[in-house]
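See below for the structure under consideration.
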Amino acid sequence: MARPRVGGGAGRAGADVRHAHPSPLTQVPPVAELLAGDFTSWRRVADDPPADLAPWARAHLDELCAWADRGLAMLTGDTLCHVDVRADNLLIDATGGVTVVDWPWAARGPAWLDTAMLLLDVRLHGGHDTEALLRRLPLTAADPDAVTGLYAGLAGFFTDRARRPPPPGIRTLRAFQRAQSDALLSWLAERLGA
């Protein structure tokens, strides 16, 4: 069985996080506090929609704002969360052990959060039925509405950020954020029965 470990990101040595509940790092913020500003992004998009906004999103802006608000309110818990789990933040060693690296967004939140975040990366890169994975993975304690709200909040963040100029030295960031937005919006359309 793979043993997740906190990698050396942010100057910390590796530490076993199999027992990340309650969070062994009490100084990290609640995830809802960390993401509060990001989850208001649909309001900024609604105030100034980009010309290339997906038609489904344009037609559901009020609903997406409400889902993001609901999702933020449901991001409660005391588990140590990475909040940016994706393939490039996972190192797999020769024994199958997994080291999770790059922890600048560490926070306390629901135990299901990082698994739901990783599924976004799976959705982005394709090859799997993410909805089926969502049903099979250990997210049974998660309210399906909380997961939908998480994805709505993230979609708003990525949609809003993707239209900004790229930061110096990171030319591909906005295209990556746009791809994440597109992946989430298609998934939300499926989840919300569009």
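So, in nm, how far is label Arg58 from label His125 when the simple model puts each one 7 Å beyond its Cα toward the Cβ?
With each label placed 7 Å out from Cα toward Cβ, I get 3.3 nm.
By its C-alpha gyration tensor, with a ≥ b ≥ c as the square roots of the eigenvalues, how is the stretch 126-194 shaped: rounded for a/c under 1.5, else prolate for a/b larger than b/c, else oblate?
prolate
Looking at the square roots a ≥ b ≥ c of the eigenvalues of the Cα gyration tensor of the stretch 65-140, which shape do they give, rounded for a/c under 1.5, prolate if a/b is larger than b/c, or oblate? Numbers along the way, then the final one.
Numbers: a/c = 1.87, a/b = 1.27, b/c = 1.47.
In terms of gyration-tensor shape, oblate.
Taking the 0 to 90 degree range and rounding to the nearest ten, how far is the long axis of helix 173-191 tilted relative to the main principal axis of the chain, both from C-alpha atoms?
Long axis of 173-191 versus the principal axis of the chain: about 80 degrees.
Could you give the longest part of the chain that holds none of the trypsin sites (Lys or Arg not before Pro) found in DSSP loops with at most 13 neighbouring Cβ atoms within 10 Å?
In the chain, the maximal stretch lacking such sites is 19-170.
Would you look at the GNM of the chain, springs on alpha carbons closer than 10 Å, and say which of Val122, Val98, Val31 moves the most?
Taking springs between Cα atoms under 10 Å, the residue moving most is Val98.
For the stretch 58-68, take each phi angle, set θ = phi - 60°, evaluate the Karplus expression 6.51 cos²θ - 1.76 cosθ + 1.60, and give the result in whole Hz per residue in order, putting x for glycine and proline.
Karplus values, whole Hz, x for Gly and Pro: 4, 6, 10, 4, 4, 5, 5, 4, 5, 5, 4.
To the nearest 20 debye, what is the magnitude of the charge dipole of the chain about its Cα centre, counting +1 on the Cβ of each Lys and Arg and -1 on the Cβ of each Asp and Glu?
In debye, rounded to 20, the chain gives about 380.
Add +1 for every Lys or Arg and -1 for every Asp or Glu among the other residues with Cβ under 9 Å from the Cβ of Ser23, and state the total.
Net local charge, Ser23 excluded: 0.
Tell me what the chain gives for mean residue ellipticity at 222 nm when only DSSP H runs of n ≥ 4 count, each as -39,500 (n - 2.57), the sum divided by the residue total, rounded to 500 deg cm²/dmol.
Rounded to the nearest 500, it is -13500 deg cm²/dmol.
Counting only heavy atoms of the protein chains, get the accessible area per residue of the chain (1.4 Å probe) and round it to a whole Å² value.
With the other protein chains kept in place, the chain gives 51 Å² per residue.
May I ask you to derive the relative contact order of the chain, considering only C-alpha pairs under 8 Å and at least 6 residues apart, and to give it as an integer percent? Could you put the intermediate results ahead of the total?
Working: 303 pairs, mean separation 51.7, N = 194.
The normalised contact order for the chain reaches 27 percent.
Quick one: Karplus J couplings for the stretch 81-90, per residue in order, coefficients 6.51, -1.76, 1.60, θ = phi - 60°, nearest Hz, x for Gly and Pro?
Once θ is set to phi - 60°, the couplings for the stretch 81-90 become 10, 6, 6, 9, 6, 7, 3, 6, 10, 10 Hz.
When the accessible area of the chain is computed with all protein chains present and a 1.4 Å probe, what percentage of it is carbon and sulfur? If you can, show how the numbers build up before the last one.
On the way: 5710 of 9980 Å².
The nonpolar share, carbon plus sulfur, comes to 57 percent.
Cα gyration tensor of the stretch 49-176, axes a ≥ b ≥ c as square roots of the eigenvalues: rounded (a/c below 1.5), prolate (a/b > b/c) or oblate?
Oblate.
Just grab the label-to-label distance for Arg135 and Val98, each label 7 Å out from Cα along the Cβ direction, in nm (one decimal).
2.2
Ranked from highest to lowest mean number of other Cβ atoms within 10 Å per residue, what is the order of the peptides 180-186, 142-148?
Ranking, from highest mean packing down: 180-186, 142-148.
At 0.36 nm per residue, and after removing the present C-alpha to C-alpha distance, how many nm does the segment from Arg86 to Arg178 gain when stretched out fully?
Between Arg86 and Arg178, full extension yields 31.5 nm more.
The values are calculated or read from the model by the stated rules, or taken from the named source; none is laboratory data. Since the structure is predicted, the reported quantities are computational estimates derived from the model, not experimental observations. We place every Cβ from the backbone using ideal geometry, glycine too, and count neighbours over all the protein chains shown. The protein model used for the area step is the full one, side chains on, heavy atoms only, and it has no ligands, DNA or RNA in it. Shrake-Rupley method; radii C 1.70, N 1.55, O 1.52, S 1.80 Å.
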